[in-house]
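Remarks on the structure that follows.
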Amino acid sequence: MRILRSIHTLDPAVGGPIESVRQSSALLRRLGHDVEIVSLDRPDAPWLQDSPVTTHALGPGRGSYGYTPKLAEWLRKHHGDFDAVIVHGVWQYSSFGVWRGLRGTKTPYFVFPHGMLDPWFKKTYPLKHLKKMLYWPWAEYRVLRDARAVLFTSEEEKRLARESFFPYRCHERVVNYGTAPPDLDLSAARIRFLETFSLLHGKRIFLFLGRLHEKKGCDLLIEAFAAVASRRTAEQPCHLVMAGPSDPAYLERLKNMAAALLPANAFTFTGMLSGDLKWGAFSAAEVFILPSHQENFGIAVVEALACATPVLISNQVNIWREIVEAGAGFGNEDTVTGTMSSLERWLALPEGDRVVMRENARRCFAANFHIERAVESLVEVLSGATE
């Protein structure tokens with residue numbers, strides 16, 4: 001198949017679906033499919049240098065929305081080169097521009113909302129939701145309505161998407177989603193990570209890795225960890241690692257909070273980690289924690305599973321049921337009390353049970369979230385709809 005993927009940016013610091021798009025595109029190519037990406041990045045963006053497939057950077061567009069007439073014009077000229085177009089995300093011109101560019105053509109397109117229709121945003125940002133309501137009827141509603149299929153990564157995401165906007169009409173499909181396991185020596189990566197952050201030697205590492213944002217529950221994680229860690233003995237030194245990029249003001253707020261609640265040798269902010277340092281962090285951690293208030297999928301969650309690291313997540317992470325049923329982690333409320341409960345439950349486990357959970361984590365990843373399962377599911381949908 002000849003596949004085009006449309007995404008706002010491939011900047012890894014933005015997080016979200018970017019890493020999965022890169023990995024699955026590379027795998028699709030290895031399986032014999034022709035894959036290209038169109039983005040609204042500026043052509044000289046440094047993160048495009050190692051793109052796994054041909055990438056057409058048509059930006060920068062105007063503002064955070066990314067409007068540029070180049071996208072629709074380019075699609076009207078080149079749509080016949082592709083059997084299908086996949087849109088990643090909504091609320092930016094990378095989706096509406098595809099609708100405009102393909103309107104009236106025979107080239108089908110598919111949309112991954114990637115959790116952007118979750119009603120959590122409506123409740124948390126009512127003024128932004130009001131602006132989106134004004135935009136919805138003439139833009140994103142049409143994008144979803146006219147898509148050959150709207151692709152959700154869980155039944156939970158599909159259900160929640162129906163609750164935010166009206167009118168709402170689309171052809172819904174649930175597909176597998178995931179990422180690739182680390183293609184490196186995890187032991188060596190773990191050693192390098194611990195050498196880079198030498199304070200962590202001999203510590204029980206509790207890891208948060210991802211974009212530091214209020215949606216992720218970073219503040220309640222610090223508060224819950226401080227309450228639980230204060231009860232541990234000196235022989236069981238627990239250390240919280242917060243890894244990821246952040247808005248400077250929010251990062252300063254989190255650091256001040258941690259400094260007020262924890263000893264200086266009980267927490268570390270690493271900044272964004274990538275490559276072997278990222279995988280070394282997952283491998284060195286005894287558990288990964290994400291008490292998010294809203295999480296469509298959570299690539300970092302499944303990356304932890306790929307490293308046989310159990311996960312403590314909130315029940316607002318849409319894949320929490322699959323993980324709990326596999327015995328690969330705990331799910332709880334997205335509150336300080338819920339996060340404390342998961343931490344205490346983990347710390348109370350005998351070592352033998354933790355070993356079992358590590359193996360369950362590896363199996364859960366292989367069965368549900370391996371990139372090969374995701375690509376197989378995607379190709380099946382695309383092939384069935386374009387025949």
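The values are calculated or read from the model by the stated rules, or taken from the named source; none is laboratory data. Quantities reported herein were computed from a predicted structural model and do not represent experimental measurements. FYI the Cβ positions are ideal-geometry reconstructions off the backbone, even for glycines, and counts take in every protein chain you see. Each accessible area value is taken on the protein alone, full model and side chains, heavy atoms only, with ligands, DNA and RNA left out. Shrake-Rupley method; radii C 1.70, N 1.55, O 1.52, S 1.80 Å.
Set side by side, the residues G352, G327, G384, G331 differ, and just one is of a type outside the set (S, T, N, Q), at positive phi and without any contact (Cβ under 8 Å) to a residue 40 or more places away in the chain, which is G327. Given the condition among the hydrophobic types (A, V, I, L, M, F, W, C), more than 19 Å from S383 (Cα to Cα) and in contact with a Lys or Arg (Cβ under 8 Å, 6 or more places away or on another chain), answer yes or no: does some residue in region 109-117 qualify? No. Taken together, the residues in region 332-353 that are surrounded by fewer than 20 Cβ atoms within 10 Å (Cβ to Cβ) and in contact with a Leu (Cβ under 8 Å, 6 or more places away or on another chain) amount to 2. Got at least one residue in region 108-119 being assigned to a helix (DSSP H, G or I), surrounded by fewer than 18 Cβ atoms within 10 Å (Cβ to Cβ), of a type outside the set (S, T, N, Q) and under 21 Å from the mean Cα position of the chain (by Cα)? The answer is yes, given that some residue of region 108-119 is assigned to a helix (DSSP H, G or I), surrounded by fewer than 18 Cβ atoms within 10 Å (Cβ to Cβ), of a type outside the set (S, T, N, Q) and under 21 Å from the mean Cα position of the chain (by Cα). Scanning region 226-272 for residues that are open to solvent by less than 40 Å² (accessible area, probe 1.4 Å), of a type in the set (S, T, N, Q) and either at pLDDT below 95 or not in a strand (DSSP E or B) (or both) turns up just one, S246.
Residue-wise test of (1) assigned to a helix (DSSP H, G or I); (2) surrounded by fewer than 21 Cβ atoms within 10 Å (Cβ to Cβ); (3) touching a residue at least 12 places away in the same chain (Cβ under 8 Å).
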| residue | (1), (2), (3) |
| --- | --- |
| L144 | yes, no, yes |
| E157 | yes, no, yes |
| I191 | yes, yes, yes |
| F208 | no, no, yes |
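If only residues of region 19-45 that are open to solvent by 10 Å² or more (accessible area, probe 1.4 Å) and closer than 18 Å to K278 by Cβ are counted, the one that is farthest from the chain's Cα centre (by Cα) is A26. Restricting attention to region 59-102, the residues that are part of a loop (DSSP other than H, G, I, E, B) and charged (D, E, K, R) add up to 1. Among the conditions (1) under 19 Å from S24 (Cβ atoms); (2) open to solvent by 20 Å² or more (accessible area, probe 1.4 Å); (3) in contact (Cβ under 8 Å) with a residue 40 or more places away in the chain, the only one that A374 does not satisfy is (2). Taking into account only those residues within region 89-101 that are in contact with a helix residue (DSSP H, G or I) (Cβ under 6 Å, 6 or more places away or on another chain) and open to solvent by less than 10 Å² (accessible area, probe 1.4 Å), which is farthest from D118 (Cα to Cα)? Filtering first and then ranking leaves G101. Among the residues of region 220-246, those identified as out of contact with any strand residue (DSSP E or B) (no Cβ under 6 Å at 6 or more places or on another chain) and over 18 Å from A300 (Cβ atoms) are E223, A224, A226, A227, V228, S230, R231, T233, A234, E235, Q236, P237.
Which one is nearest to the chain's Cα centre (by Cα), of the residues in region 243-283 that are of a type in the set (D, E, K, R) and within 30 Å of P182 (Cβ to Cβ)? Going through the qualifying residues, I end up with K278. Screening E214 on (1) at pLDDT below 95; (2) open to solvent by less than 30 Å² (accessible area, probe 1.4 Å); (3) of a type outside the set (S, T, N, Q) shows it passes everything except condition (2). When you check E359 against the structure, is it modelled with pLDDT of 95 or more, within 29 Å of I191 (Cβ to Cβ), open to solvent by less than 30 Å² (accessible area, probe 1.4 Å) and of a type in the set (D, E), yes or no? No, not satisfied. Of all positions in region 304-318, at least one carries a residue that is open to solvent by less than 50 Å² (accessible area, probe 1.4 Å), at pLDDT below 95 and in a loop (DSSP other than H, G, I, E, B).
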